[in-house]
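I have placed the structure first, in the form of structure tokens, so that the comments after it can refer back to it.
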Amino acid sequence: MKKNNTRILITGVAGFIGSNLAKQLLILGYKVIGVDNFSYGLKSNMDSFFQNASFTFFDRDITLLESLQDLEADVLVHLASYKIPRYSTAFPTLEFNGLMLKNVTKLCVEKKIKLVYASTSDVYGKNTNVPFHENCDFVLGPSTVKRWAYACSKIYGEQYIIANSDEFGLIYSIARFFGSYGPNQNLTWWGGPQSGFIARAFKKEPIEIHGDGMQTRTFTYIDDTIDALIRLISDSAADKKIFNIGTEPDAEISILNLATLIWKMINPGDNSPLLNFIPYSTFGNYEDVMRRVPDITRIKTELGFYPKFDLQKGLELTIDWQKKIK
């Protein structure tokens, strides 16, 4: 392993993407500084590298500016985030995402740290022009529907970072993630539909489908997500640009078909999955996105990224991991 003196600061390091990113960066010889307050991340996600001399961890709440001011790094990867408020109010998503954003941006401007920002495919909203390229319009629902709070917080984040670049010379890269999944994924709805589907298929309990299940997504195995993210971190060709991080558009699958596929993989020979359709009205005034498919031409042509894992292989690896920890 070649030593690399580049220091990477990761917020949300104990989470799904953060822990996988830290693990791979350490393998590549980087120095990693991790920050998390375990709101959603798990200390066990860091067990494999917690004693690594190139890894330093701080248990801190980055909604507080003083929690970051003594930290030094060459690149800051901001992964800590509150997601779509499906079962809660929108306040934490808007308030805490905003506070964390301003604190990490201020640190990066003051100390001339490159900022890699985790945005989301949710920003494309209800745009029907799929696959989404990075210059697509954002089409969101009304402000009275709280599910759009997450997308709004990330759109604001992108705008705020670009404004700081224009005003203060901040170097940044923005990643819009599409359906990352794999080992260390959160096992609640927070981790995406696949984690809940796997858990219920193991128990042969009805898989909960929101709506009619005809909404479609693409899913990106975590190793591909990390490969792409490291290119944003290390390649200056990514500076001051936005990239979709996902798989090929032809990997689009309906949520209903995803549930069926997972059920059959875990229960071979049983072609009749147990399904429980949950009306959207259960979540109050809620809107879903019917298709979410990325165009990854930019990251392929400019950074040389090509996804290596199809859904079948990625799910096999994920199911094997989840079976060991369920």
For this session: Consider Ile242 carefully, then state whether it is touching a strand residue (DSSP E or B) at 6+ places or on another chain (Cβ under 7 Å), open to solvent by 10 Å² or more (accessible area, probe 1.4 Å), of a type in the set (A, V, I, L, M, F, W, C) and outside any helix (DSSP H, G or I).
Result: yes
Exercise. Which residues, taken from region 56-93, are within 22 Å of the chain's Cα centre (by Cα) and assigned to a strand (DSSP E or B)?
Worked result: Phe57, Phe58, Asp59, Val75, Leu76, Val77, His78
Problem set entry | Conditions (1) touching a Gly at 6+ places or on another chain (Cβ under 9 Å); (2) on the phi < 0 side of the Ramachandran plot; (3) without any contact (Cβ under 8 Å) to a residue 60 or more places away in the chain; (4) open to solvent by less than 30 Å² (accessible area, probe 1.4 Å); number of the one not met by Thr188 | (4)
Problem set entry | Yes/no for Asp270 being among the acidic types (Asp, Glu) and over 26 Å from the mean Cα position of the chain (by Cα) | yes
For this session: Count, please, the residues in region 209-239 that happen to be within 14 Å of Lys114 (Cα to Cα), in a helix (DSSP H, G or I), open to solvent by 30 Å² or more (accessible area, probe 1.4 Å) and not basic (Lys, Arg).
Result: 3
For this session: Return the pairs, sorted by first residue and then second, in which the second residue is of a type in the set (Asp, Glu) and open to solvent by 10 Å² or more (accessible area, probe 1.4 Å), the first residue lies in region 206-224 and is under 21 Å from Asn127 (Cβ atoms) and touching a residue at least 40 places away in the same chain (Cβ under 8 Å), the beta carbons are less than 6 Å apart, and the residues are 6+ apart or on different chains.
Result: Gly211/Asp288; Gln215/Asp288; Thr216/Glu252; Thr218/Glu252
For this session: Please verify whether region 245-252 includes one or more residues that are under 23 Å from Lys114 (Cα atoms), open to solvent by less than 30 Å² (accessible area, probe 1.4 Å) and assigned to a strand (DSSP E or B).
Result: yes
Problem set entry | Matching option when the condition is in a loop (DSSP other than H, G, I, E, B) and either open to solvent by 20 Å² or more (accessible area, probe 1.4 Å) or polar (S, T, N, Q) (or both), among Lys102, Lys106, Lys146 | Lys146
For this session: Would you mention how many residues in region 196-208 are buried (at least 21 other Cβ atoms within 10 Å of the Cβ) and either aliphatic (A, V, I, L, M) or closer than 26 Å to Ser153 by Cα (or both)?
Result: 3
Problem set entry | Residues (in a helix (DSSP H, G or I), surrounded by fewer than 17 Cβ atoms within 10 Å (Cβ to Cβ) and not acidic (Asp, Glu)) located in region 159-185 | Gln159, Tyr160, Ile162, Ala163, Phe168
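Condition first: hydroxyl-bearing (Ser, Thr, Tyr), crowded, with 21+ Cβ neighbours inside 10 Å and not in a helix (DSSP H, G or I). Can you find one or more residues in region 31-54 that meet it?
Checked region 31-54: no residue is hydroxyl-bearing (Ser, Thr, Tyr), crowded, with 21+ Cβ neighbours inside 10 Å and not in a helix (DSSP H, G or I).
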For this session: Enumerate the pairs (first residue in region 117-136 and closer than 13 Å to Gly157 by Cα; second residue anywhere and of a type in the set (S, T, N, Q) and part of a loop (DSSP other than H, G, I, E, B)) with beta-carbon separation below 8 Å, excluding pairs fewer than 6 apart on the same chain, so at least 6 apart or on different chains.
Result: Ala118/Ser81
Exercise. With respect to Phe309, is the statement that it is open to solvent by less than 30 Å² (accessible area, probe 1.4 Å) and either at pLDDT below 95 or of a type in the set (Phe, Trp, Tyr) (or both) true?
Worked result: no
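The values are calculated or read from the model by the stated rules, or taken from the named source; none is laboratory data. Predicted model only: the values in this text are computed from it and were never measured. Quick reminder, even Gly has a Cβ in these numbers, built from the backbone with ideal geometry, and neighbours come from all protein chains shown. Heads up: the accessible areas ignore ligands, DNA and RNA and are worked out on the full protein's heavy atoms, side chains in. Shrake-Rupley method; radii C 1.70, N 1.55, O 1.52, S 1.80 Å.
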